[in-house]
Amino acid sequence: MKIFIDTANVDEIRQAWDLGIIDGVTTNPTLIMKSGRDLVTTLKEISEIVDDCISGEVISMDAEGMIREARELMKISKKIVIKVPMTKEGLKATKQLSKEGIRTNVTLIFSANQALLAAKAGATYVSPFLGRLDDISQESLILIEDIKQIFTNYEIKTEIICASIRSPLHVLNCAKIGADIATVPYKTLMEMFNHPLTDIGIERFLQDYAKSVK
Ligand code: E4P
């Protein structure tokens, strides 16, 4: 499974990239706002760090506006993937952008039918949100299983990005289901490293090494 980092914080992206554990980045307007900088500057900097797959989200509500924004964002780097909302206008834009060879990530997916429609419109990626479904007591993993099954049944090439990830367990379960990608916040990525037996093991090895070199 590929791992993207879900942040617009360039320091976090650089640190994760240096560890060799990420394959791409997803941003959204909230993450851009939190970074304290504008979308274009941020995407430019990110594209100097990572090799590919950097999602930048359009904010227009009509397809023409989305397409216009997308063409502008593509001038920053060919590594950019255009994130469009799961709306009728978003799907129209997806269809056109796909014709132009511009990759799209249809976001705010909360049902398997939405994922199917986005794929039909030519989406490169769909982003079903786990955490926000869990927040309203809906089983988010069933959504990932359903999308995976439908895409497998019909050999649909659109890739599934598990988004709104809140815990290492979310990542583990998405990987078990066979999702293509999980986009993970920096904090959760760091939590995935931890195991107390690793720490105990390192300490013991170091102690034993010290005893052996008298
Ligand atoms: C990623 O593409 C989404 O924008 C992001 O994962 C949303 O996460 P949140 O529900 O924690 O805001």
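The values are calculated or read from the model by the stated rules, or taken from the named source; none is laboratory data. Bear in mind the structure is a predicted one, so any value in this text is a computation, not a measurement. Cβ placement follows ideal geometry from the backbone for every residue including glycine, while neighbour counts extend to all protein chains displayed.
Before moving on, here are some points about what is shown:
- Matching residues, the stretch 160-175, being in contact with an Asp or Glu (Cβ under 8 Å, 6 or more places away or on another chain) and either modelled with pLDDT under 95 or within 13 Å of the ligand (Cβ to nearest atom) (or both): ILE160, ILE161, ALA163, ILE165, ARG166, SER167
One line per residue, one yes/no per condition, for (1) small (Gly, Ala, Ser); (2) on the phi > 0 side of the Ramachandran plot:
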residue	(1), (2)
GLN114	no, no
GLY122	yes, yes
ILE142	no, no
ILE150	no, no
ILE160	no, no
ALA182	yes, no
HIS195	no, no
TYR209	no, no
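- Annotation note: Cβ proximity below 9 Å between a residue of the stretch 156-169 that is surrounded by fewer than 24 Cβ atoms within 10 Å (Cβ to Cβ) and a residue that is at pLDDT below 95 (sequence gap 6+ or interchain) occurs for PRO168/ASN194.
Here is a yes/no grid of residues against (1) out of contact with any helix residue (DSSP H, G or I) (no Cβ under 9 Å at 6 or more places or on another chain); (2) free of Cβ contacts under 8 Å to residues at least 24 places away in the same chain:
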| position | (1), (2) |
| --- | --- |
| SER55 | yes, no |
| VAL58 | no, no |
| ALA63 | no, no |
| LYS79 | no, no |
| ALA93 | no, no |
| GLY131 | no, no |
| ASP135 | yes, yes |
| GLN149 | no, yes |
| ASN153 | yes, yes |
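- Note on the stretch 112-130: among residues that are surrounded by fewer than 21 Cβ atoms within 10 Å (Cβ to Cβ) and within 16 Å of the ligand (Cβ to nearest atom), the one that is farthest from LEU143 (Cα to Cα) is GLN114.
- Filtering the stretch 173-203 to residues that are part of a helix (DSSP H, G or I) and surrounded by 13 or more Cβ atoms within 10 Å (Cβ to Cβ) leaves ASN173, CYS174, ALA175, ILE177, TYR186, THR188, LEU189, MET190, GLU191, MET192.
- Counting residues in the stretch 62-76 that are of a type in the set (A, V, I, L, M, F, W, C) and surrounded by fewer than 18 Cβ atoms within 10 Å (Cβ to Cβ) gives zero.
- Residue in the stretch 133-145 that is in contact with a Ser or Thr (Cβ under 6 Å, 6 or more places away or on another chain), within 16 Å of the ligand (Cβ to nearest atom) and over 23 Å from ASP23 (Cα atoms) present: yes
- Residue within the stretch 102-109 that is of a type in the set (S, T, N, Q), modelled with pLDDT of 95 or more and away from the ligand (no atom under 16 Å from the Cβ) present: no
- Condition check for ILE165: hydrophobic (A, V, I, L, M, F, W, C) and in a loop (DSSP other than H, G, I, E, B): yes
- Contact map, the stretch 1-24: first residue surrounded by fewer than 19 Cβ atoms within 10 Å (Cβ to Cβ), second residue basic (Lys, Arg) and at pLDDT 95 or above, Cβ cut-off under 6 Å, separation 6 or more or different chains; pairs are ASP23/LYS2.
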